[in-house]
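First the structure, in the form of structure tokens, and then the observations on it.
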Amino acid sequence: MGSNHNNDNLEHKLQAGKLFRHVNSLIVAHLRDNNLNQAASAVASATMTPMSVEAPPNKLLELVAKGLAVDKDETLRGVSTAVPFDPIVTAGYGSIPAPRAASVDFSSMNDTKGPSKNIPKHESRHISEHKNVARCARFSPDGRFLATGSADTSIKLFEIAKVKQMMQPEARDGPVRPVIRTFYDHQQPINDLDFHPQNTVLISGSKDRTIKFFDFSKTVAKRAFRVIQDTHNVRSVSFHPSGDYLLAGTDHSIPHLYDINTFKCYLPPNFQDMGVNGAINQVRYSSTGGMYVTASKDGAIRLWDGVTASCVRSIDGAHGAAEATSANFTKDQRYILSSAKDSSVKLWEVGTGRLVKQYLGATHTQLRCQAVFNDTEEFVLSIDESLNEIVAWDSLTTEIVARWPSNHIGAPRWLEYSPVEAAFVSCGIDRSIRHWT
């Protein structure tokens, strides 16, 4: 037993010595190759490393950069090596597939009344249910995962590959369970969710005034590893494409911009004089993070500068006196799609604030209704509360091209479209999550 222990110790010392010599060699080569010969010579003689040691150019810088990236990643995830990781979840997360189609050019066809496109028929299937109202959903940027949040304070994480397996008519190996994680860490209902663009981190905003960070690569963690305590009900959250910042839309009328490494909150310097009032129902970054948009209870759609955090355009009364419930950018960032409790969905030009198109014919006056583009932006989808249907318009001609019974009991309250394929989810007051393909 004793000799084994000594052998291990010896092995450990030899390995440590080897690493030490390797580091010293890299330092000497780095100093020498950067013409700091006196310093290189001093380190070489102090560590008995030959001055002529060979190393690939910039090897030390390369290794340090890689190490810092991993360190930052692990700090963000709150990594503890004791917790098992799920290699399937971690593998390749954050590599975003190329978009399936070029964005639709709304400007070149402003007044066209050509024929509308046919949207393929979507069939839906119940994939899970919460213990209370299903309030929100979000796909990961690579489309591999889906998160849903509920009034029961829980968050479910689905793996889309398993959802697809479940949709097959015959699942050979018994029932497939598409929910791979469930998180319980909020005191009150979940309002919104977002995925970190590069890391396996999910954030949630809740009525309990917190934003919580969950690492979904861990197989057993049920609780958040970081928490931002806000001053208001957090109604909406959105990650900056770099993953270093996030926006919180709250009961406060100004979006709260957080640095996620320091938790510092930034507000525009002149926000008291902005004359803005009305809680924010939704906040979303543009694809490059250069701008963000808010939909507010006071009916305004506001455009904000992503760098200075100042409001650069306010479309007041965008939907008359009705509360604006959703707003998001087209992929090319030139337009904003908004919806409100006035039963209208509208497309606005970012550069001028001009109304470009309206999508009418679906009643939504009660719920915090979403209007979304499909993955190719050829169609707009929203909800008709009175008929309990999901409605699809041709995004260019504004003509209704489909109405599908929602199959929820009571109208769904949230729609979310996959960023990478022809699939979406609906969340219901009946607690159900339905996946449409």
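The figures follow:
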quantity	calculated
Per-pair calculated FRET efficiency, R0 = 51 Å: Arg403 and Ala91 via Cβ, rounded to 0.05	0.80
Pair Met51, Arg177: separation of 7 Å Cα→Cβ label points (nm)	6.6 nm
FRET E, pair Ala65, Ala161, Förster distance 45 Å, beta-carbon r, rounded to 0.05	0.85
Positive-end residue, the chain charge dipole about Cα centroid, Cβ charges, pick of His130, Gly353, Ala55	His130
Net length gained if the chain between Gln38 and Ser107 were fully extended (0.36 nm per residue, minus Cα distance)	18.5 nm
The chain: calculated mean residue ellipticity at 222 nm from DSSP helix runs of at least 4, using -39500 (n - 2.57)	-5500 deg cm²/dmol
Convex hull projection area averaged over all views, region 267-379, Cα basis, nm²	6.9 nm²
The chain, dipole about Cα centre (Lys/Arg Cβ +1, Asp/Glu Cβ -1), debye to the nearest 20	620 debye
Normalised contact order of the chain, rounded percent, pairs of Cα under 8 Å and 6 or more residues apart	13 percent
Rounded FRET efficiency, nearest 0.05, which uses the C-beta distance separating Gln15 from Asp332 and R0 of 51 Å	0.45
Cα centroid separation - region 399-437 against region 294-324, whole Å	26 Å
Cα-based convex hull, the chain, per residue volume (Å³, whole number)	209 Å³
Helix axis angle, 37-47 relative to the chain longest principal axis, alpha carbon, degrees	70 degrees
Segment Glu123-Leu355, length gained on full extension (0.36 nm per residue, minus Cα span)	80.2 nm
As computed over region 120-210, the Cα convex hull volume per residue (Å³)	118 Å³
Max mean-square fluctuation residue, GNM over the chain, Cα-Cα springs under 10 Å, options Ala161, Ala44, Ala221	Ala44
Once the Cα gyration tensor of region 255-328 is diagonalised, semi-axes √(5λ) in Å	21, 14, 11
For region 277-419, size of Cβ-based charge dipole, Lys and Arg +1, Asp and Glu -1, in debye	340 debye
Among Val234, Val425, Val179: highest mean-square fluctuation, GNM of the chain, C-alpha pairs under 10 Å	Val179
Euclidean distance of C-alpha centroids, region 148-201 and region 8-58, integer Å	49 Å
Max mean-square fluctuation residue, GNM over the chain, Cα-Cα springs under 10 Å, options Ser238, Ser116, Ser286	Ser116
Solvent exposure, largest accessible area first (probe 1.4 Å, DNA, RNA and ligands not counted), of Leu26, Leu387	Leu387, Leu26
Descending semi-axes in Å of region 156-249, equivalent ellipsoid built from Cα gyration tensor	29, 14, 12
Degrees between helix 2-33 axis and first principal axis of the chain (Cα, 0 to 90, nearest 10)	80 degrees
Pair-distance profile P(r), taking every C-alpha pair of region 208-320, with 5 angstrom steps and integer %	2, 12, 22, 24, 19, 11, 5, 3, 2, 0
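The values are calculated or read from the model by the stated rules, or taken from the named source; none is laboratory data. This one's a predicted model, so the numbers in the text were calculated from it and none came from an experiment. Quick reminder, even Gly has a Cβ in these numbers, built from the backbone with ideal geometry, and neighbours come from all protein chains shown. In case anyone asks, the SASA skips ligands and DNA or RNA and just uses the protein heavy atoms, side chains included. Shrake-Rupley method; radii C 1.70, N 1.55, O 1.52, S 1.80 Å.
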